[in-house]
Amino acid sequence: MASDPGGGPDQRSPHAALVEQWAAALEGGTRDHVVPMSRHEARGLLDRLAREFVAAAHDDGPPDRATSLGVELARAHFVGNEVLGRSITALQTYCAQQADIPATRAAALVGAFTTGYVRAFRGWLLAEQESVRAADMAARLRVQEQLRASEARFRAVFAQAGIGTGLSDMTGRIIEVNAAFANMLGYTPAEMCALDVTDLTHPDDDSNMWALYSAVVQGEVDNVHLEKAYPHRDGTTVWTKINVSLIRDDDGRPQYTLILVEDISEQRVLRERLQYRAHHDQLTGLANRSRFFDALTAAFDEPGARIGLCYVDLDRFKAVNDTYGHAVGDQVLKQVAARLDACTTDPGQLVARMGGDEFVILVPHAGADMEELARSVRTKFNRPFEVQGRRLTVTASVGVAADHAAHTTADHLLQAADYSMYWAKAVGRSTTRTAL
């Protein structure tokens, strides 16, 4: 209560002094409570309570009349720690100043006032405690309901998700998987929960994969993404893209690993097919020009290596196409590719179709065997090609070039092999020209 905006008790009334003493006592106390009324309303309440107290002090009625005054003060939310004590002091002081109020009457009235106040205050306190308890219970119920709803949503997402989902503990034991993950590998969820994570290893797993998984389990990293091959129950391979996440407890300790698994087998097959087509000749299956030049460049990364090239060009192949048609010509090219591929004895050697009827054999580590390779190639053309019941004789001109990587370049070596092949073609079919 600050300043009185007006009104207040009539200063000539018998209870005016009590109102002033009472208001002053309450205003001087510690404000540890909130009274839901204005200062003017509070003074009006004290005025009415003081009037009734003074009236009770001057009649012969039972002192219980003052009980209701204590109840009303407490119910008006005057419930601070010092409110009762300061009110009692104000009432006792007023009574002591009034000679016409016997001490026994004053004591009885103050006692009744105190009883009413304490009784109402206790009821108010119990009601507040019950309100707090009810609010706390309601909050707990809301939290529990929200938790149950959250768990239900998680269970629904986990179980019905189209992407494979699994949960395992820190020992690698599979705790739970959804139907999508189990079906992906040919199991039921219950059957997969009888397995450990390590039971799903695959020979094609990346060598660093299990080191990454170990780092997640040990809490060193929280998430990894990679591709993994899973063994299907029927023995086939399922290629997947996986996301492994670490789940920690409230103290930050690793508790579970959550894995999301996407089947990418079809995408991988398509990717490998596209990669194959990007590096292979579609007709013969040999390496194409792009792959050949990549391999040639890689061979020159070893300066000390002696690199060899065997360039092969079919003689008068156009006559085969013109006479028998391109279908027959394509079959001849396929057989030529197979015979040239049979000439390679080292896994590092590469046969490529450069285009049309031109082929080249790359020997990354050529020794004195380049002439032997050329002879082997010429021998392959001694036997006729059988296509659609026809026996066709096809010859080839062969050029060979070899040099150390430090002494030449890829372009110069290729030009040397090409030149030697054309020299051989000019001299005569089925001959070899070597450029060293």
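List of remarks:
- Note on region 90-124: residues that are in a loop (DSSP other than H, G, I, E, B) and touching a residue at least 12 places away in the same chain (Cβ under 8 Å) total 3.
- Enumerated strands (runs of 3 or more DSSP E) restricted to region 351-408, each holding at least 3 residues that are in contact with a strand residue (DSSP E or B) (Cβ under 6 Å, 6 or more places away or on another chain) and either over 22 Å from Thr284 (Cα atoms) or among the hydrophobic types (A, V, I, L, M, F, W, C) (or both): 358-363, 396-404
- Subset of region 158-181 [modelled with pLDDT of 85 or more and either among the polar types (S, T, N, Q) or assigned to a loop (DSSP other than H, G, I, E, B) (or both)]: Thr165, Ser168, Met170, Thr171, Gly172, Asn178
- Residue ID - modelled with the highest pLDDT, chosen from residues in region 409-428 that are closer than 16 Å to Asp315 by Cβ and loosely packed, with under 12 Cβ neighbours inside 10 Å: Ala426
- Residue match in region 413-424 (condition: in contact with a helix residue (DSSP H, G or I) (Cβ under 6 Å, 6 or more places away or on another chain) and closer than 22 Å to Gln335 by Cα): no
- Highlighted here are the helices (runs of 4 or more DSSP H) found entirely within region 250-327 that include at least 2 residues which are within 24 Å of Trp423 (Cα to Cα): 289-299, 317-324.
- Criterion violated by Glu191 - all others in (1) part of a loop (DSSP other than H, G, I, E, B); (2) surrounded by fewer than 17 Cβ atoms within 10 Å (Cβ to Cβ) satisfied: (1)
- Ala42 over 28 Å from Thr104 (Cα atoms) and modelled with pLDDT under 85: yes
- Scanning region 328-350 for residues that are in contact with a Leu (Cβ under 9 Å, 6 or more places away or on another chain) and either without any contact (Cβ under 8 Å) to a residue 24 or more places away in the chain or in a loop (DSSP other than H, G, I, E, B) (or both) yields Thr344, Thr345, Gly348, Gln349.
The values are calculated or read from the model by the stated rules, or taken from the named source; none is laboratory data. None of the values given here were measured: they were computed from a predicted structure. Reconstructed Cβ throughout: ideal geometry from the backbone, glycine too, with neighbour counts over all protein chains shown.
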